[in-house]
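Have a look at the structure below, then the notes.
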Amino acid sequence: MTKLKVVNVVGARPNFMKIAPIYEKMAACSQIDPVIVHTGQHYDQKMSTLFFDQLGLPKPDYYLGVGSAGHGVQTGRVMIEFEEILKELQPDLVLVVGDVNSTIACGLTAVKLGIKLAHVEAGLRSWDRRMPEEINRVLTDQISDFLFLTERTAFANLEREGIDSKRAFFVGNVMIDSLLHHREQAAKQKILDNLGLASRGYALVTLHRPSNVDYAEMLSPLLDVLTEMSERLPIVFPVHPRTRARLTEFGFDERLAACPDIHLVEPLGYLEFLQCMDNAALVLTDSGGIQEETTVLGVPCVTARENTERPITMTKGTNILAGQDPQKIREAVFSILNGETREGRCPELWDGAAAGRIVQILLEQMCPS
Ligand code: UD1
């Protein structure tokens, strides 16, 4: 029997923990021959290789090495390189995850060659088309043959855009598969000991959205909020390369160095970051995935964005959407520090078994007996 050849695409940091459980299930399935293609959108050891090691992913079968560039150049380079790989491999299916530039670039390349496309984490919408990720989501969903949903609200979003619900499957959240699988191992990491921090005795901060960090007039008041927070409890702030560059460009390095309780650290590995999240008193972030991870961990989360494509983290989880106004962010943070936390509940099917459901559905759809 010929196996189903599936090309799994990874490009940027938030993709690795989503592909890891899917790849594992595919590799264990006698009917599937899974391949990993890494576009190289993220390439630093701390943004890429470290994640492969910690998540138990094998080295990618193909590495395209596209690197950083403007949206057009980056997307174009991925398409040019990926097309060659697809012509060589002639897979039955390409599977993409999330909403980064590599997602739409590889998806578009696949469907133009007549190859079936699966999109994992489909149907999420912030309704804010100024976000590059929103464009990537909308377009990838339009061209996908199989759409795998993390929350039920996504069905209505897809319907609104004329996407046939027969192509959409509610399966849960593969990123949570990885989280539940690695939580115990994360608890054994040494990052908190090394930083001299106690469980629930610190706040964890991540900021990397262009809308927050690319403008000095946005970033500066956010740093004021961090300074104020750090007078109450220490802060761990793993700094994304984009943010690191802006802090230096805007001359903010010294200002932060003058705050002894703001621990700026390099981007952390998956396990170290999970340990930091699991033990934080609160998390302040502008990431998408972290809103979901804190929901499952039951850790209060303040999101410094005007909108979220992940509404279930607010309706069921611990997420507070504070917006980008520093005063609102300050209020949300201090309300939590003053004890006003809410009990989060784990969303439906975020149970560690999403990847298995995806593989099962793909087999049923692609190899009907
Ligand atoms: C990308 C995704 C974003 C995701 C984020 C997670 C898009 C449009 N954006 O944004 O959705 O939340 O990844 O990190 O796909 N850089 C390095 N080393 C690296 C990678 C990047 O130094 O390994 C630096 C480069 O200077 C680069 C900048 O970071 O210009 C931004 O990287 P890029 O991949 O363009 O976008 P992100 O902000 O990481």
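When the helix-only estimate is applied to the chain (DSSP H runs of n ≥ 4, each -39,500 (n - 2.57), divided by the residue count), what is the mean residue ellipticity at 222 nm, nearest 500 deg cm²/dmol?
Rounded to the nearest 500, it is -14000 deg cm²/dmol.
How would you classify the stretch 188-337 from its alpha-carbon gyration tensor, with a ≥ b ≥ c the square roots of the eigenvalues: rounded for a/c under 1.5, else prolate if a/b is greater than b/c, otherwise oblate?
rounded
Which of the lysines could a cross-linker span from residue 190 if the Cα-Cα distance has to be under 27 Å and same-chain partners fewer than 8 positions apart are dropped?
Output for residue 190: 18, 46, 59.
In whole percent, and with a 1.4 Å probe on the protein chains, what portion of the accessible area of the stretch 263-369 is carbon and sulfur?
47
When you take every Cα atom in the chain, what is the radius of gyration, and what is Dmax, the widest Cα pair distance, in Å?
That works out to 20.2, 66 Å for Rg and Dmax.
Can you tell me how the stretch 16-114 classifies by the Cα gyration tensor, rounded, prolate or oblate, using a/c under 1.5 as the rounded cut?
oblate
Please give the helix 354-366 orientation as an angle from the longest Cα principal axis of the chain, in degrees from 0 to 90, rounded to the nearest 10.
That helix lies at roughly 20 degrees to the long axis.
Please identify, among 288, 317, 114, the residue showing maximal mean-square fluctuation in a Gaussian network model of the chain using a 10 angstrom Cα cutoff.
114
Against the longest principal axis of the chain, how steep is helix 71-89, in degrees 0 to 90 to the nearest 10, with axes from Cα atoms?
With both axes taken from Cα atoms, the answer is about 30 degrees.
With a sphere of radius 12 Å drawn around the Cβ of residue 242, what net charge do the other residues whose Cβ falls strictly inside it have (Lys, Arg +1; Asp, Glu -1)?
Neighbourhood net charge equals 0.
Go through 6, 366, 20 and say which Cα lies farthest out towards the positive end of the charge dipole of the chain; charges sit on Cβ, +1 for Lys and Arg, -1 for Asp and Glu.
Result: 366.
How charged is the neighbourhood of residue 221? Take every other residue with its Cβ under 13 Å from the Cβ of residue 221, and add Lys/Arg as +1 and Asp/Glu as -1.
Cβ neighbours under 13 Å give a net charge of -1.
Answer rounded, prolate or oblate for the stretch 250-336, using the Cα gyration tensor with square roots of eigenvalues a ≥ b ≥ c: rounded when a/c is under 1.5, else prolate when a/b is larger than b/c, else oblate.
oblate
Count the net charge of all other residues whose Cβ sits under 11 Å from the Cβ of residue 347, scoring Lys and Arg as +1 and Asp and Glu as -1.
So the surrounding residues net to 0.
For the chain, find the longest principal axis of its Cα atoms and tell me its angle to the long axis of helix 13-27, 0 to 90°, nearest 10.
Orientation of helix 13-27: about 40 degrees from the principal axis.
About its Cα centre, how strong a charge dipole does the stretch 263-369 have in debye, to the nearest 20, once Lys and Arg get +1 and Asp and Glu get -1 at the Cβ?
Rounded to the nearest 20 debye, it is 200 debye.
Once you put a point 7 Å from the Cα of residue 138 and another 7 Å from the Cα of residue 83, both along the Cβ direction, what distance in nm separates them?
Label at residue 138, label at residue 83, 2.5 nm between them.
Give me the dipole magnitude in Debye, nearest 20, for the chain about the Cα centre, with unit charges on the beta carbon: positive for Lys and Arg, negative for Asp and Glu.
Dipole size: approximately 460 debye.
The values are calculated or read from the model by the stated rules, or taken from the named source; none is laboratory data. Model, not experiment: these values are computed from the prediction. As a convention, Cβ positions derive from the backbone with ideal geometry for all residues, glycine included, and neighbour counts pool all protein chains shown. What goes into the accessible areas is simple: the full protein's heavy atoms, side chains included, and nothing from ligands, DNA or RNA. Shrake-Rupley method; radii C 1.70, N 1.55, O 1.52, S 1.80 Å.
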